[in-house]
Amino acid sequence: DHTQLIRLINLGRYLMNTKEKKPKAESKKELANEIIELDSRFSFNALMRLNKASLNLIKDNLLKLLKV
């Protein structure tokens, strides 16, 4: 039935548009700025040479140190 097919197509479009959007990942620049806020001894330019995994590791370790 043509009407049922149209309803299914519209339902599919609705479901695709209502998916939860993933939060945007932090950029290297944002991570570097957060690290500098936690400890001003870090250089922004030096931090920007690191990859995001390393920046996340530094940030996590700083947060652990500051909570103790």
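The values are calculated or read from the model by the stated rules, or taken from the named source; none is laboratory data. Computed from a predicted structure; not experimentally measured. Methodologically, a virtual Cβ is constructed for each residue, glycine included, from the backbone with ideal geometry; neighbour enumeration extends over all protein chains shown. Side chains are part of the model used for accessible areas, which takes the heavy atoms of the whole protein and leaves out ligands, DNA and RNA. Shrake-Rupley method; radii C 1.70, N 1.55, O 1.52, S 1.80 Å.
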Cα-based count: Lys pairs in the chain below 24 Å, eight or more positions apart or different chains?
18
Work out the charge dipole of the chain with +1 on the Cβ of Lys and Arg and -1 on the Cβ of Asp and Glu about the Cα centre, then indicate which of 10, 38, 62 is farthest towards its positive end.
10
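Can you compute the equivalent ellipsoid semi-axes for the chain, i.e. the square root of 5 times each eigenvalue of the Cα gyration tensor, sorted largest first and rounded to whole Å? Let's see the in-between values first.
On the way: eigenvalues 444, 33, 13 Å².
Values for the chain, descending: 47, 13, 8 Å.
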For the chain, what is the accessible area per residue in Å² when the probe is 1.4 Å?
91 Å²
CD proxy, 222 nm, the chain: helix-only mean residue ellipticity via -39,500 (n - 2.57) per DSSP H run with n ≥ 4, per residue, nearest 500, stands at -22000 deg cm²/dmol
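Determine the relative contact order of the chain: mean sequence separation of Cα pairs under 8 Å and six or more apart, normalised by residue count, in whole percent.
Rounded, it is 28 percent for the chain.
Taking the Cα centre of the stretch 5-68 as the origin, how large is its charge dipole in debye, to the nearest 20, when only Lys and Arg (+1) and Asp and Glu (-1) carry charge on their Cβ atoms?
Numbers: 14 positive and 7 negative charges, 74 e Å.
Dipole about the Cα centre, nearest 20: 360 debye.
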I want to verify a result. In a Gaussian network model of the chain, Cα cutoff 10 Å, which of these has the top mean-square fluctuation: 50, 15, 38?
15
